[in-house]
Ligand code: FPP
């Protein structure tokens, strides 16, 4: 471990989380899957508050993937209802909490009301700079890259961009995550060892911490443990 890594104990600036294990948590208790997602929404609230206490600047959570539409209508609408409830609450408390919201994903497939809440949360919180929550909603990493390439192609067609100018930085600016620093730490609870189409472009140098706890049980102590593990890693970015 380098001297720099040993002495720098600040939490990562940006933590990204795959909120996994809600269904198994509910099944273990004989409850409906939606009850697991409700407990997952509580775990999100807890974790977001703790991140803020620690001084984490960006928290990105995988709330609904482009693949999650395959689930039952009841489960999908349960998750959407929880998200809408959370956003209404966030809008009500906006002036008190000063959380900045961004949404990654293709919002066009959401209900008009949920889309409206997302856009209102995004625009009304745009002036806040302390802490930013990025919700990945109808998000898929490959879909994000396809949408970015299409947007760039459209700019080329309109004479606003030149293919010869394409660079990693320029492509990044077309992604949903434009202007957001890459996450240093990605956490996946629930014991699954995959990244499941979550931020493939942004996480090439991220540290991944996989944990056995189910998301609804995820506690501040689990976040401390993940950050501790992150600090133990030796981040070399391809250098020697
Ligand atoms: C994955 O667990 C979780 C989801 C697909 C939904 C995540 C949504 C929430 C936590 C609620 C959203 C609301 C707010 C306010 C954040 P899973 O259902 O795949 O779990 P399993 O693998 O055990 O079945």
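Residue by residue through the stretch 215-231, note down the ones that are over 18 Å from residue 56 (Cα atoms) and either away from the ligand (no atom under 16 Å from the Cβ) or under 17 Å from the mean Cα position of the chain (by Cα) (or both).
215, 216
May I ask you to list the residues in the stretch 178-200 that are farther than 17 Å from residue 14 by Cα and without any contact (Cβ under 8 Å) to a residue 60 or more places away in the chain?
193, 194, listed by residue number.
Report, ordered by the first and then the second residue, all pairs with beta carbons closer than 6 Å, sequence separation of six or more or different chains, a first member in the stretch 45-57 that is touching a residue at least 40 places away in the same chain (Cβ under 8 Å), and a second member that is assigned to a helix (DSSP H, G or I) and surrounded by fewer than 17 Cβ atoms within 10 Å (Cβ to Cβ).
50/220
Quick check on my filter: what residues within the stretch 8-25 are free of Cβ contacts under 8 Å to residues at least 60 places away in the same chain and either within 8 Å of the ligand (Cβ to nearest atom) or crowded, with 22+ Cβ neighbours inside 10 Å (or both)?
Of everything in the stretch 8-25, just one residue is free of Cβ contacts under 8 Å to residues at least 60 places away in the same chain and either within 8 Å of the ligand (Cβ to nearest atom) or crowded, with 22+ Cβ neighbours inside 10 Å (or both), namely 23.
Regarding residue 144, is this residue under 15 Å from the mean Cα position of the chain (by Cα), in a helix (DSSP H, G or I) and touching a residue at least 12 places away in the same chain (Cβ under 8 Å)?
Here the answer is yes, as residue 144 does meet what is asked.
Scan the stretch 26-35 for residues that are assigned to a helix (DSSP H, G or I) and more than 7 Å from the ligand (Cβ to nearest atom) and jot them down.
If the condition is that a residue be assigned to a helix (DSSP H, G or I) and more than 7 Å from the ligand (Cβ to nearest atom), then 26, 27, 28, 34, 35 are the ones that fit.
Being more than 28 Å from residue 130 (Cβ to Cβ), touching a helix residue (DSSP H, G or I) at 6+ places or on another chain (Cβ under 7 Å) and near the ligand (Cβ under 8 Å from one of its atoms) is the requirement here; does residue 78 meet it?
Against the criterion (more than 28 Å from residue 130 (Cβ to Cβ), touching a helix residue (DSSP H, G or I) at 6+ places or on another chain (Cβ under 7 Å) and near the ligand (Cβ under 8 Å from one of its atoms)), residue 78 does not qualify.
Does residue 114 satisfy the condition of being touching a helix residue (DSSP H, G or I) at 6+ places or on another chain (Cβ under 7 Å) and more than 20 Å from residue 57 (Cα to Cα)?
Yes: the conditions hold for residue 114.
So for the stretch 70-85 (the condition being in contact with a strand residue (DSSP E or B) (Cβ under 7 Å, 6 or more places away or on another chain), assigned to a loop (DSSP other than H, G, I, E, B) and surrounded by 13 or more Cβ atoms within 10 Å (Cβ to Cβ)), does at least one residue qualify?
Taking every residue of the stretch 70-85 in turn, none turns out to be in contact with a strand residue (DSSP E or B) (Cβ under 7 Å, 6 or more places away or on another chain), assigned to a loop (DSSP other than H, G, I, E, B) and surrounded by 13 or more Cβ atoms within 10 Å (Cβ to Cβ).
When residue 51 is evaluated against the numbered criteria (1) under 27 Å from residue 124 (Cβ atoms); (2) under 18 Å from the mean Cα position of the chain (by Cα); (3) assigned to a helix (DSSP H, G or I); (4) within 11 Å of the ligand (Cβ to nearest atom), which criterion, by number, is the only one it fails?
Checking residue 51 against (1) under 27 Å from residue 124 (Cβ atoms); (2) under 18 Å from the mean Cα position of the chain (by Cα); (3) assigned to a helix (DSSP H, G or I); (4) within 11 Å of the ligand (Cβ to nearest atom), the one that fails is (4).
Evaluate the stretch 159-181: report whether one residue or more is within 16 Å of the ligand (Cβ to nearest atom), part of a helix (DSSP H, G or I) and more than 16 Å from the chain's Cα centre (by Cα).
no
No lab work stands behind these numbers, since they all come straight from the coordinates. Predicted model only: the values in this text are computed from it and were never measured. Note: ideal-geometry Cβ built from the backbone for every residue, glycine included; neighbour counts use all protein chains shown.
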